[in-house]
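Structure, as structure tokens:
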Amino acid sequence: MVSLHLPLWLRLVLLVGVLGLASGACLLAYRYYTYPVTLSVAVGSVDGEAANAMSAIASRLVATGAPVRFKVIDSGTALEAAKAFAAGKADLAVVRGDVGDLSQAQAVVVVSHMVALIIAPPGSTIDGVDKLKGRRVGVLGGDANSKIVDVLSKEYGLDRAKVFKDIAVPDARRAIQSKEVSALLVVIPLAEKYLSLVKGVFQQGPKVLPVLVPIDSAAAIAQTERAYESFDVPKGTLRGAPPVPDDDLTTLRTSLYLVANKKLSSDLIAGLTQTIMKVRRELMAEQPLFAQITAPSTDADAYLPLHPGAAAFYNGTQQSFMDEYSNWIYLTPMALGGAATLLAAAWKFLGLGTPMTKQGPLDSLYALARRIRNAGTEAELLEIEEEIDTILREQRARSAAGDETAVDDATLNVAAHRLESLIHDRRTMLAKRPAVISAA
């Protein structure tokens, strides 16, 4: 009721202001809910390809309108990427299963598999890891391969300090040719790009064949060191004709994971996993390495536990439409009802819904009483009498015509008699005024 005493323009301004604030709040809430989440991902590799690969995925996430965006942090090496992730400086990371502290990591996808290759130059007599005793092995990749060096040293009784030596990638060819090292240890994906780099280190020719050294104890190592698994390098991997190796060769393999911090929400990681697996075929055109993208182990006792969001995607347990939006379906009618109530309140606030009550004949007659009491001249009283006569004539005409809404004659007569008495009293008072003034 207080609002009806305000001017209409002021009520309109207030209502528009309230609607503007409500609309702005709803828009902000919608933008907040639908705005893509940016996650930082730490990567690192000696050749910079890890950063390029993640940048390619980041571009596809933008192009497909995914709910997640990547901020790629190039940490330089796989070890530094793992350290950045463990220190909480990144939400995601591309890490090897055998590098760094992964206590906070949960697997999202396997980006690639990293195979350990021990390669000796053509003509070498090294045919097993145990034959490396008393020789020098160059390790490409530095600290990233520290664990596998320790594992091999322990399994085969090698003196780590005397056998293994870190070699920079650009120095590998020189170290082999100068016989500074008798073999090289590399851990790479079995992709053409990386195999070509390895081939370029050794002398090439029809009868000049590098020697791949098997790791015969790979299965035993994998049982105690769960970051690794036994793997058979297919015949002809390094060279096709004549094939190198000339038969499947046993070695060790570890995985390159995209991992997420266990604190990230399941819905977020489920959406990310779905997008990556959906666009991996498109990514292969940019990076053939993406052909190796696979799902991690979903076993409960897997070496690297699966993130619940990724597990929901792989196991097909993502929420269905009804599961995900059942609350919205239930709450929407309530929200619409509330909105209708607010609109009704706004309508009433503006006074637009207030019915225009038509004044009845008795109301008109009773309203004349105030005018009679305030009348200051005989002319005003005569005018009021004319109005009374008009109302009485109209009502009697309607009554004679059979109008059921017409006021009955008895009621009209009572009201008219009262007004006549008031008019008489007012005339008497007005007649006495000159005499009072003269006496004064």
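The values are calculated or read from the model by the stated rules, or taken from the named source; none is laboratory data. Values in this document were obtained by computation on a predicted structure and should not be read as measured data. Methodologically, a virtual Cβ is constructed for each residue, glycine included, from the backbone with ideal geometry; neighbour enumeration extends over all protein chains shown.
Couple of notes before you dig in:
- Annotation note: Cβ proximity below 8 Å between a residue of region 353-379 that is under 30 Å from Arg11 (Cα atoms) and a residue that is at pLDDT 85 or above (sequence gap 6+ or interchain) occurs for no pair.
- Count - residues of region 395-426 that are polar (S, T, N, Q) and surrounded by 13 or more Cβ atoms within 10 Å (Cβ to Cβ): 3
- Residue match in region 43-56 (condition: modelled with pLDDT of 90 or more and surrounded by 20 or more Cβ atoms within 10 Å (Cβ to Cβ)): yes
- Residue in region 111-127 that is assigned by TED's automatic domain parsing to the domain that holds Pro210, out of contact with any His (no Cβ under 9 Å at 6 or more places or on another chain), polar (S, T, N, Q) and under 30 Å from Ser178 (Cα atoms) present: yes
- Residues that are outside any helix (DSSP H, G or I) and closer than 18 Å to Ile293 by Cα within region 43-80 comprise Val43, Gly44, Ser45, Phe70, listed in sequence order.
- Helices (runs of 4 or more DSSP H) completely within region 200-317 that count 2 or more residues being crowded, with 18+ Cβ neighbours inside 10 Å and out of contact with any strand residue (DSSP E or B) (no Cβ under 6 Å at 6 or more places or on another chain): 266-283, 308-314
Listed here are the residues, each with its yes/no results for (1) in a helix (DSSP H, G or I); (2) surrounded by fewer than 18 Cβ atoms within 10 Å (Cβ to Cβ); (3) out of contact with any strand residue (DSSP E or B) (no Cβ under 6 Å at 6 or more places or on another chain).
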position: Ala82; (1), (2), (3): yes, no, no
position: Phe85; (1), (2), (3): yes, no, no
position: Val99; (1), (2), (3): no, no, yes
position: Asp143; (1), (2), (3): yes, yes, yes
position: Lys162; (1), (2), (3): yes, yes, yes
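- Residue within region 102-112 that is closer than 28 Å to Asp248 by Cα, surrounded by fewer than 19 Cβ atoms within 10 Å (Cβ to Cβ) and in contact (Cβ under 8 Å) with a residue 24 or more places away in the chain present: yes
- Taken over region 64-75, residues that are out of contact with any strand residue (DSSP E or B) (no Cβ under 7 Å at 6 or more places or on another chain) and modelled with pLDDT of 85 or more amount to 0.
- Region 118-133, subset more than 15 Å from Lys199 (Cβ to Cβ) and not in a loop (DSSP other than H, G, I, E, B), residue farthest from the chain's Cα centre (by Cα): Lys131
- In this structure, Ala406 qualifies as free of Cβ contacts under 8 Å to residues at least 40 places away in the same chain and small (Gly, Ala, Ser).
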